[in-house]
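The values are calculated or read from the model by the stated rules, or taken from the named source; none is laboratory data. Because the structure is predicted, anything quoted here is derived from the model rather than measured. Glycine gets a Cβ as well: all are built from the backbone with ideal geometry, and neighbour counts include every protein chain shown. Areas reflect the complete protein model, heavy atoms only, side chains present, ligands, DNA and RNA absent. Shrake-Rupley method; radii C 1.70, N 1.55, O 1.52, S 1.80 Å.
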Amino acid sequence: MKRRLDALNRIGRMQALMHDVGRSRLHSLDRQQEEVNEDLKAVFGALEGERIGYGAQAGLVARRIRTLQVKLDLVAREQDGARRAVLTQGTRAKLAEFAIESATLDDRRSNERKELAEIIERALARSASST
């Protein structure tokens, strides 16, 4: 029982760490998305503020916008995958936590039963020796 509890504790710690790593990755992707959004706003701001929307500069600006949009789409897909992974790891971590609690309770009950059996055996041995 002790080995099972130790193994479950290790699994629980690992699942919690994996969940934390997933959340960290998701936060990183959120920051990347914010940066790309800011870049996109800056490009559109430059388009509104000056006359680079016409002529040779327009092609460069359009290419930059397309590049930013591709990055934004990529980050959005990665975020979706990361969110699913975080939910999965969170569920696994919670299940491991429940398994640890259950195993701890089983171990405690098993120890209490053993102690009770020992107390009963000692009491029976005392009563048998006194008769």
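Please tell me if Lys71 is modelled with pLDDT of 90 or more, closer than 14 Å to Met14 by Cα and not polar (S, T, N, Q). Spelling it out, it is not the case that Lys71 is modelled with pLDDT of 90 or more, closer than 14 Å to Met14 by Cα and not polar (S, T, N, Q).
Candidates in the range 38-48 are the residues that are under 32 Å from the mean Cα position of the chain (by Cα) and surrounded by fewer than 14 Cβ atoms within 10 Å (Cβ to Cβ); of these, the one that is modelled with the lowest pLDDT is Lys41.
So Phe98 clears everything in (1) open to solvent by 100 Å² or more (accessible area, probe 1.4 Å); (2) more than 17 Å from Leu5 (Cα to Cα) except one condition, right? Which one? Unmet condition: (2). Here the condition is being hydrophobic (A, V, I, L, M, F, W, C) and surrounded by 13 or more Cβ atoms within 10 Å (Cβ to Cβ); of Ala125, Ala85, Ala117, it holds for Ala85 alone. A search for C-beta distances below 9 Å between a residue of the range 57-82 that is within 18 Å of Glu35 (Cα to Cα) and open to solvent by 40 Å² or more (accessible area, probe 1.4 Å) and any residue that is in a helix (DSSP H, G or I) and among the charged types (D, E, K, R), counting only pairs 6+ apart in sequence or on different chains, returns Arg64/Asp39; Lys71/Asp39; Glu78/Arg25. Selection over the range 62-112 of residues that are closer than 23 Å to Phe44 by Cβ and of a type in the set (Asp, Glu) gives a count of 1. No other residue among Asp80, Asp20, Asp73 is within 30 Å of Asp106 (Cα to Cα) and part of a helix (DSSP H, G or I) apart from Asp20.
Applying a threshold of 6 Å to beta carbon distances and a minimum spacing of six or more residues, or different chains, the list of pairs starting in the range 103-131 at a residue that is within 22 Å of Met1 (Cα to Cα) and ending at one that is assigned to a helix (DSSP H, G or I) reads Ala103/Arg4; Ala103/Leu5; Ala103/Leu8; Asp107/Leu5. Scoring Gly12 on the criteria (1) over 29 Å from Arg109 (Cβ atoms); (2) surrounded by 14 or more Cβ atoms within 10 Å (Cβ to Cβ); (3) within 13 Å of the chain's Cα centre (by Cα) leaves a single failure, condition (1).
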